[in-house]
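**Student:** Below you'll find the structure I mean.
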Amino acid sequence: MRHRLIRTDRRRVIGAMTGALLCTTGLAPVAVATPAVAAPAPIPAPATASAPQVDDGLALTPPMGFNNWNSTHCRADFNEAMVKGIADIFVEKGLKDAGYQYVNLDDCWALPQRDANGKLVPDPVRFPNGIKAVADYVHSKGLKFGIYTSAGTKTCNTAGFPGGLGHEYSDAQQFADWGVDYLKYDNCNNLGVDARLRYNTMRDALRATGRPIVYSLCEWGENKPWEWAADTGHLWRTTGDISDNWGSMLSIMKQNLPLAPYAGPGRWNDPDMLEVGNGGMTDVEYRSHFSMWSIMAAPLLIGSDLRKATPATFEILGNREVIAVDQDPLGKQGTVISSEAGRWVVAKEMADGSRAVALFNESGSPQRIATTARAVGLPNAAGYRLRDLWAHTSHNTAGTVSATVPAHGTVLFRVAADRDWSQLPPAVDVTADERPMAEAGRTAELTSTVTDLGRTPALDVSVVLTGPQGWAVEATSGTRTPVLPSGRKLSTGWRVTAPAGTTPGAYALTLTTTYASPAGQRLTVTAPVGVHVVTPPPAGTSYLGDLGRLSEANGWGPVEQDRSNGESAAGDGQPITIGGQVFAKGLGVHAASTVEYYTGGRCTGVTAQVGLDDEKGIRGTVTFEIWADDTKTASTGVLTNVMPAHPLAADVTGAQTVRLVVTDAGDGIDSDHADWADLKLTC
């Protein structure tokens, strides 16, 4: 992990190392990766069916456990008591029984200097009884113990604790003597020494100890370790550091998904640790995080302080049906079936012949996402079992796999051909128009649809739409049917009115359908309906950034108004500056970014001066796009930080929405701080 104590400090430290990084082999400086949102180009499969790999029987399924960094960094509460407390919680809360094994220390466990014999010295304040005593305690709980160092002269913390470069055999033996079972080997202060040489040297040192130690290469994906590291370690980081926010999780997921051909037993793509429970995302988003890491066969290393975890956090981390997807012995990583308009379908082949299928909604509104049993690789069958791994319910389906997925949510199914399908109730799909928009005090219309996906009929079907308190909801057509045959639909029209004065924003309505199976079971299915209460744009020309946003996604930190992107906190940017020209108004974003506004068919044009902000020097490449509804109406070529502000104008006549999109220009997202300067809308 490139540690994130303070991101600006990390950049300053790395910048100071540039000369050293270049001096040995002429390698480019270490880049600080920040999250991307655009999906990368597909990565070709390996030339051979199976790459050479470490054949020691370790990590035959992705490692599961805990690492303290995401929750504690180097704070004083990272200490012996915390580590022992985590081990206790693993046992008490059933996490050990669910498959979590490793309790791992990250940076800051050592003193800044080695002893006179060149040995690492545990910090006596944090670990008064030494590391071996902690490892022994973890082992006494039936768990395994892990530790951290870096493949450089110093670790990644700005305090600069000793790294392993030049001390590999001594450090490896010290780790083995302490009872270490897992080594995370970072990439900071590496002096430009070839990555393979550094990581292979530690591999050989670990082997020389004779102790079985899982070896995690935290190389950040800089030298494409998926192409060579299967003969070096058991898992390798594929991305920069994760942060506890939706944009970071999403970008890392997108970088890791195309690497599926390289994963397998004993060789895993590692998209970094879990943020579940750290507080920066909603529980819906954390369920997506956990679902997608599981379907990607990623290591599941808990990054939250379990001593403070909520019941919802334990429910997510302890879902054994989802964990079983991650830990499936076949060792396949899920592959993307489709991803149009933020509707992701990812499928994973399982050892028993079934498929795990994730329906993942990238967007900020509920969406219906659908695929078929055949599309995910299942054979033709009379019927299929559809198991919802979060709801823990099973239904029969004729082959359609679908659900209305909440904003930023994931529905995770396990689907299998099943000759006993007729014993299960039919699956029913409940959906409505996607993201209807309503001005406060005015009526909007929408249509709901209930579809029987099963081979058997749904009986006594009824549907109800409920809104927030004070909203008026009225059905304009039938809401019941005595029989809904296989494949048939019940469509209902609705009028929805938000009270006058309702604050603009997204509001959740709920469709509730009840029905009976032929066997008499009574079932209920709910689906979210997202209605946006909007304010019409003012007549004339106005600054678009001053208007309320329908939605936004940003590659690093929040979208900034009238300031550059800055770092991860709101308001930490500088005056918008492109090519030395300062602009008072606009938006500061970070690729990949999307910002959307309601225009209600009233507007005709958008204009802006666009470019990369001067705060990143000469680094960065992006493209800018303006979309009117689903049509791209203007775009730039690739812009770099040495270019002056570029004028951009788009015709948006009649569009209900306008989207401002910034991409990474296809070369990664480091330093892609982009500005929509002097951004104006004419209506």
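The values are calculated or read from the model by the stated rules, or taken from the named source; none is laboratory data. No experiment lies behind these values; they were computed from the predicted model shown. Note: ideal-geometry Cβ built from the backbone for every residue, glycine included; neighbour counts use all protein chains shown.
**Student:** Within the bounds of region 616-626, is there any residue that is charged (D, E, K, R) and over 17 Å from residue 672 (Cα atoms)?
**Tutor:** no
**Student:** Take region 300-324 and flag every residue that is surrounded by fewer than 15 Cβ atoms within 10 Å (Cβ to Cβ) and either among the charged types (D, E, K, R) or in a loop (DSSP other than H, G, I, E, B) (or both).
**Tutor:** Here is the first cut: in region 300-324, the ones surrounded by fewer than 15 Cβ atoms within 10 Å (Cβ to Cβ) are 307-308, 310-312, 315, 320.
Hits for region 300-324 are 307, 308, 310, 315, 320.
**Student:** Within the set of pairs 6 or more residues apart or between chains, which connect a residue that is free of Cβ contacts under 8 Å to residues at least 40 places away in the same chain and assigned by TED's automatic domain parsing to the domain that holds residue 545 inside region 607-626 to a residue that is of a type in the set (Lys, Arg) and in a loop (DSSP other than H, G, I, E, B) with Cβ atoms less than 6 Å apart?
**Tutor:** As it stands, the answer is none, since no pair meets every condition given.
**Student:** Ok, one more. Would you mind finding the one in 88, 106 that is at pLDDT 95 or above, in the same structural domain as residue 314 (by TED's automatic domain parsing), charged (D, E, K, R) and within 24 Å of residue 253 (Cα to Cα)? Full working, then the answer.
**Tutor:** Details: 88 fails: within 24 Å of residue 253 (Cα to Cα).
Checking each option against the conditions leaves just 106.
**Student:** Now for a separate question. Would it be correct to say that residue 281 is within 13 Å of the chain's Cα centre (by Cα) and assigned to a loop (DSSP other than H, G, I, E, B)?
**Tutor:** Numbers: within 13 Å of the chain's Cα centre (by Cα): yes; assigned to a loop (DSSP other than H, G, I, E, B): yes.
So residue 281 fits the description; yes.
**Student:** Further question: Of everything in region 572-622, what is within 26 Å of residue 550 (Cβ to Cβ), surrounded by fewer than 20 Cβ atoms within 10 Å (Cβ to Cβ) and under 28 Å from the mean Cα position of the chain (by Cα)? Give them in sequence order.
**Tutor:** Selection gives 572, 596.
**Student:** Follow-up. Looking at (1) under 25 Å from residue 251 (Cβ atoms); (2) crowded, with 20+ Cβ neighbours inside 10 Å; (3) of a type in the set (A, V, I, L, M), can you tell me which one residue 569 breaks?
**Tutor:** The single condition residue 569 does not satisfy is (2).
Residue-wise test of (1) assigned to a loop (DSSP other than H, G, I, E, B); (2) over 19 Å from residue 145 (Cβ atoms); (3) of a type in the set (D, E, K, R).
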position	(1), (2), (3)
173	no, no, no
177	no, no, yes
193	yes, yes, no
196	no, yes, yes
201	no, yes, no
205	no, no, no
219	yes, yes, yes
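**Student:** Continuing with this model, one more query. Need a quick list: strands (runs of 3 or more DSSP E) entirely within region 572-683 having at least 2 residues that are small (Gly, Ala, Ser). It would help to see each step written out before you state the result.
**Tutor:** Details: elements: 576-578, 581-583, 586-590, 593-598, 605-612, 621-628, 631-635, 646-651, 657-663, 673-682.
Of the strands (runs of 3 or more DSSP E) lying wholly inside region 572-683, those with at least 2 residues that are small (Gly, Ala, Ser) span 586-590, 605-612, 631-635, 646-651, 673-682.
**Student:** Which residue, of 420, 452, 429, is crowded, with 18+ Cβ neighbours inside 10 Å and free of Cβ contacts under 8 Å to residues at least 60 places away in the same chain?
**Tutor:** On the way: 420 fails: crowded, with 18+ Cβ neighbours inside 10 Å; 429 fails: free of Cβ contacts under 8 Å to residues at least 60 places away in the same chain.
The match here is 452.
**Student:** Shifting gears a bit: With (1) farther than 20 Å from residue 574 by Cα; (2) touching a Phe, Trp or Tyr at 6+ places or on another chain (Cβ under 8 Å) as the list, and residue 679 as the residue in question, which single condition is left unmet?
**Tutor:** All conditions are met except number (1).
**Student:** Could you pull out the residue among 363, 394 that is assigned to a loop (DSSP other than H, G, I, E, B) and hydroxyl-bearing (Ser, Thr, Tyr)? Quick ask: steps written out before the conclusion?
**Tutor:** On the way: 394 fails: assigned to a loop (DSSP other than H, G, I, E, B).
Being assigned to a loop (DSSP other than H, G, I, E, B) and hydroxyl-bearing (Ser, Thr, Tyr) holds for just one of 363, 394, which is 363.
**Student:** Run down 347, 358, 370 and say which single residue is touching a helix residue (DSSP H, G or I) at 6+ places or on another chain (Cβ under 6 Å), part of a strand (DSSP E or B) and either modelled with pLDDT of 95 or more or not small (Gly, Ala, Ser) (or both). Explain how you work it out, then say what you get.
**Tutor:** Details: 347 fails: touching a helix residue (DSSP H, G or I) at 6+ places or on another chain (Cβ under 6 Å); 370 fails: touching a helix residue (DSSP H, G or I) at 6+ places or on another chain (Cβ under 6 Å).
Sole residue among the options that is touching a helix residue (DSSP H, G or I) at 6+ places or on another chain (Cβ under 6 Å), part of a strand (DSSP E or B) and either modelled with pLDDT of 95 or more or not small (Gly, Ala, Ser) (or both): 358.
**Student:** Can you confirm whether region 456-466 contains a residue that is part of a loop (DSSP other than H, G, I, E, B) and either of a type in the set (A, V, I, L, M, F, W, C) or modelled with pLDDT under 95 (or both)?
**Tutor:** No; the residues of region 456-466 include none that is part of a loop (DSSP other than H, G, I, E, B) and either of a type in the set (A, V, I, L, M, F, W, C) or modelled with pLDDT under 95 (or both).
Each row is one residue, and each column tells you yes or no for (1) outside any loop (DSSP other than H, G, I, E, B); (2) in the same structural domain as residue 466 (by TED's automatic domain parsing); (3) buried (at least 17 other Cβ atoms within 10 Å of the Cβ); (4) without any contact (Cβ under 8 Å) to a residue 60 or more places away in the chain.
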| residue | (1), (2), (3), (4) |
| --- | --- |
| 502 | no, yes, yes, no |
| 510 | yes, yes, no, yes |
| 518 | no, yes, no, no |
| 525 | yes, yes, yes, no |
| 528 | yes, yes, yes, no |
| 545 | yes, no, yes, no |
| 551 | yes, no, yes, no |
| 555 | no, no, yes, no |
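One line per residue, one yes/no per condition, for (1) out of contact with any Phe, Trp or Tyr (no Cβ under 9 Å at 6 or more places or on another chain); (2) assigned by TED's automatic domain parsing to the domain that holds residue 568; (3) buried (at least 24 other Cβ atoms within 10 Å of the Cβ); (4) assigned to a loop (DSSP other than H, G, I, E, B):
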site: 233; (1), (2), (3), (4): no, no, yes, yes
site: 240; (1), (2), (3), (4): no, no, yes, yes
site: 248; (1), (2), (3), (4): no, no, yes, no
site: 261; (1), (2), (3), (4): no, no, no, no
site: 277; (1), (2), (3), (4): no, no, yes, yes
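**Student:** Do we have residue 652 as over 21 Å from residue 362 (Cβ atoms), surrounded by fewer than 19 Cβ atoms within 10 Å (Cβ to Cβ) and at pLDDT 95 or above here? Steps first, answer last, please.
**Tutor:** Values: over 21 Å from residue 362 (Cβ atoms): yes; surrounded by fewer than 19 Cβ atoms within 10 Å (Cβ to Cβ): no; at pLDDT 95 or above: yes.
Spelling it out, it is not the case that residue 652 is over 21 Å from residue 362 (Cβ atoms), surrounded by fewer than 19 Cβ atoms within 10 Å (Cβ to Cβ) and at pLDDT 95 or above.
**Student:** Answer yes if at least one residue in region 202-218 is without any contact (Cβ under 8 Å) to a residue 40 or more places away in the chain, acidic (Asp, Glu) and farther than 30 Å from residue 407 by Cα, and no otherwise.
**Tutor:** Yes.
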